[in-house]
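Only one structure is covered here, and it is reproduced in the block below.
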Amino acid sequence: MNFNLRNAVLSNVSGSSQEQLEHTIVDAIQRNEEKMLPGLGVLFEVFWKNADEQEKQHMLQTLEAGLK
């Protein structure tokens, strides 16, 4: 069996509104379940691939500050 988690996550959130995406992200974080981490990773990948250099820099600064 060949299961592509990335495609499954993208299929589940495709066409979602900003509000739905926010709910998905907040819910995943609040549940604090390890199984939710791959989905958040896929969403981060989508952000990264579609962000311009300024947005990427801002994200890196935010991550750096949050990890101190």
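Put the Cα centre of segment 53-68 next to the Cα centre of segment 4-35 and the gap is 21 Å. Here the scattering of the chain is modelled by Debye summation over its C-alpha atoms, one equal scatterer each and no solvent; at q = 0.21 Å⁻¹ the log10 of I(q)/I(0) is -1.07. From most to least packed by mean Cβ count within 10 Å, the peptides 49-56, 32-39 give 32-39, 49-56.
Legend: ranking of residues 43, 60, 21 from fewest to most surrounding C-beta atoms inside 10 Å; resulting order 60, 21, 43.
Throughout, read-outs are computed from the coordinates displayed, never taken from laboratory work. Everything numeric here is computed off the predicted structure, so don't read it as measured data. We place every Cβ from the backbone using ideal geometry, glycine too, and count neighbours over all the protein chains shown.
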